[in-house]
Every structure is written in structure tokens, then in C-alpha cells.
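The values are calculated or read from the model by the stated rules, or taken from the named source; none is laboratory data. For clarity, every value in this text was computed on a predicted model and none was experimentally measured. No Cβ is skipped: glycine too gets one built from the backbone with ideal geometry, and neighbour counts run over all protein chains shown. To get the accessible areas, we keep the full protein, side chains included, count just its heavy atoms, and leave off ligands, DNA and RNA. Shrake-Rupley method; radii C 1.70, N 1.55, O 1.52, S 1.80 Å.
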Amino acid sequence: MNALPEIDLRSALEARGISRRQFVKFCSTMVATLALPPRYLGAVVKALDQRTRPVLVWLEFQDCAGNSESMLRSGHPTVGDFVLELFSWEYHELLMAGAGKRAEDTLERVLSEHKGEYIAVTEGAIPTADGGVHCTIGGKTALDIAQRVCSNAAVNIAVGACAWDGGIVSAGPNPTEAVGLEKAVPGIKNLVNLGGCPHNPANTAAVLVHYLTFHEMPALDQYNRPLFAYGNIIHDQCERRAHYDAGRYVEEWGDEGSRKGWCLYKMGCKGPEATYNCPTVRWNEGTSWPVKSGHGCIACASPRFWDTKSPFYERLPKVPGFGVDVKASEIGWVATGAVGVAMVAQVVGNIVRDNIRPKHEPAAENKPSDAGGGPQA
């Protein structure tokens, strides 16, 4: 990729054949993804309309390139189209035309000319064993590159599980001692972690749009993940939740419950203890997500999920609710029985109360008030 001239976003989108209507629709999607009130749409449109494109570099280390592929395979016009035009995308090994020295010279130019101004996106884990030699690019270790590039960036975004906390690469026994960006380069500023395997490109685009609009990162949780994407439990957002509450579960793959879309909890779904906005943002233009398509959540956006959430097909310990072993037909009888027991208890209580009250004592509601002092003359 060669350096791009400093032009405004509107001109860049028009040159790419993206209409004004498509642009506003994209902005509306970003507002919804960020969980902002609709009134912010105008602010987002105005901010993106008038901005020149900031410089962005995308680093890839120990990974499968799944996060890059996810960014490029979403929607039409794609999130990738918009993000490519929102930024002067100077360096990305998967996308750039240049190779070898030419590619590395581009990165060096960004570091020299835009120090402290560019946005750095990191994909993949960073090995630290043996000085980091288990991942090298252009003769430099991933550890050295990350320390130099990310330390001088205005904003850092770690996309995917591997860049966040090491992902599958750091799962036991972790022979390369791979870690996430935050651990490899401690203390870097404006860091946002976008866990997931892979990340959802809508969330990544939303974080970038938030930064361009408000000049700061969105609210983050204790893991530096944006709350708009990781602030709610998947189980509470899931379209199969009603089946869980009703005691309707898939017992084995392909059974009647599976065909009817019943809850996948017994099949190992980790939704009750995972947080992510998969059920609402979804994938492939909002078409579906793993649980809707018939596979349980594996909590891929949770800390160290390869180690802590596997085996993926074993069910979690009992979670709050009616309980996984209660059948739907039993729930109605249980509820009815509970109401009946409560009514009987109330009747018995009334009888006991009436029988222990002295016969000459009037009922409480008929007793004269003692307010106003002693007996009257």
C-alpha cells in the first residue's frame, strides 16, 4: 500500500462508489452497535464526514488470520469497505501489495512521520520464550515489533482472543510462552481488547467510529473490553432463553429439540457464563450467530477460554433458573402447586390467628384507637 493523500471521507467513499445513503446506514448501524441513543446519529455522520483519514497499521503475529478474514467478509457494502476508507490503511501484511523491504519501509515511514498519531491494530499472540524468536518478521521478533509500534501509537486495539490474552496459542502447555498484547507491552495507552475467536468486525468498526467521533475510547470493563459489546451475558440475550426457562433442551444432536430450536445448555453451551453481543449484532449482515445456527456458545470472548471453558461439549454446573433436569410439563404443575401451597398456608394462618386470640378481644381492625391519651371522662 502506498501513502494515500489527505482527503476527506466523503470523497473517498464517493470514489469507491459508496452512496450517501449507504454511508448514513453504516453510521446508523454503528450507533446501534455502540448502544448510543438515536440522537447521536447526526454527531457520528458529521464527525466522520469532516475528518481526514487517520493512519492505521495492522500487525499480525501468531495467528490464523481469522480476524483479518472476519473484517473483510461482512455485509454489503462491507464493514471492511468502510473501515478501509475511514482510515489511511498503510500496513497490513494480508492486504498490502508490497512485500519484503518495500513493505517494511512503509511501516518505518509511518513510525517516522506519524509517531504518536497513528492507530495500531494487533492480531495474534506474541511469543516471549527464547527472546521471542518463535515469531519473526523481516528479521525482527514480534515482541520487538509490538514494543516499538504499539508504544508509539495514539490508540491500540487488540483484535481476537490471541491478541487479547494469547488465545489458543497460549493454551497449555504454551511452549512459546505466548501472551497477549497487554502483557507483552505493559503500560501502552488507549488499549482496547476485542476478544473473540474471531472478533466481530462490527464491534471493531464501532470502536474506531467512537474514537473518530468522540476522540476517546468507549467505556471499558476490567479487561479493557468495551462494555457495549461485552457488558451483557449471552444467556440473557439468547433467542433460546425461553426454552431454557421452560425446561426444553436438546438432548442429543439431531433430536426433536434440536430441530425445534430448543436450548443447547445440555450440549455444553457456555452462554450462561459468557458475555458478548453475538446474539444482537450477529454475523453475515446480522443473519445468524453460532447458537441460532445450532451450535452451543464456547465463550470465545471470555478470558483464557481455551483452558477455562473446555471441554466445549460438557455442560456447565447448574445455573440459576428452574434447573436443567426439570421438564416443561413439570414446571406448570410445580408453579400450580406452589400457588396452592401458598393459599393453604394463608388459610391455616388465618384459622390459627383467630383461635389464639382471646374470645372477648375484638378483631384488630375493630379495636378503638389508643391515640390521644388515656380514658375519656
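Quick look at the numbers
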{"read-out": "J(HN,Hα) series, segment 170-179, from Karplus relation 6.51 cos²θ - 1.76 cosθ + 1.60, nearest Hz, glycine and proline x", "value": "8, 5, x, x, 6, x, 8, 6, 6, 9"}
{"read-out": "Convex hull volume of segment 137-258 per residue (C-alpha atoms, cubic angstrom)", "value": "172"}
{"read-out": "Bins of 10 Å, starting at 0 and running to the largest distance - Cα pair percent for segment 88-184", "value": "16, 46, 32, 5, 0"}
{"read-out": "Segment Leu95-Glu273, extension gain: residue separation times 0.36 nm, minus the distance between their alpha carbons", "value": "60.5 nm"}
{"read-out": "Using θ = phi - 60° and Karplus 6.51 cos²θ - 1.76 cosθ + 1.60, couplings along segment 146-159 (whole Hz; Gly, Pro as x)", "value": "4, 4, 6, 6, 6, 5, 9, 8, 6, 9, 10, 10, 9, 9"}
{"read-out": "Relative packing of 66-73, 133-140, 119-126, which averages over residues the other C-beta atoms within 10 Å, highest first", "value": "119-126, 66-73, 133-140"}
{"read-out": "For peptides 98-107, 203-212, 240-249, 53-62, sequence by mean Cβ density within 10 Å, most packed first", "value": "203-212, 53-62, 240-249, 98-107"}
{"read-out": "Protection proxy ranking, peptides 290-298, 254-262, average beta carbon neighbours within 10 Å, highest first", "value": "290-298, 254-262"}
{"read-out": "Ranked order, Tyr230, Tyr313 - accessible area, probe 1.4 Å, largest first", "value": "Tyr313, Tyr230"}
{"read-out": "Full-extension gain in nm, Ser112 to Thr280, via 0.36 nm per residue minus C-alpha separation", "value": "56.4 nm"}
{"read-out": "Phi-based couplings in Hz for segment 208-220 (Karplus 6.51, -1.76, 1.60; Gly and Pro marked x)", "value": "5, 5, 4, 5, 5, 7, 10, 6, 7, 7, x, 4, 10"}
{"read-out": "Added length on full extension, which subtracts the Cα-Cα distance from 0.36 nm per residue, Leu220 to Asn190", "value": "9.7 nm"}
{"read-out": "Whole-number D in µm² s⁻¹ for segment 151-201, Kirkwood Cα-pair radius fed into Stokes-Einstein, 10 °C, 1.306 mPa s", "value": "142"}
{"read-out": "Distant-in-sequence amide H partners of Val121 (H built 1.01 Å from N, under 5 Å)", "value": "Val57, Trp58, Leu59, Ile157"}
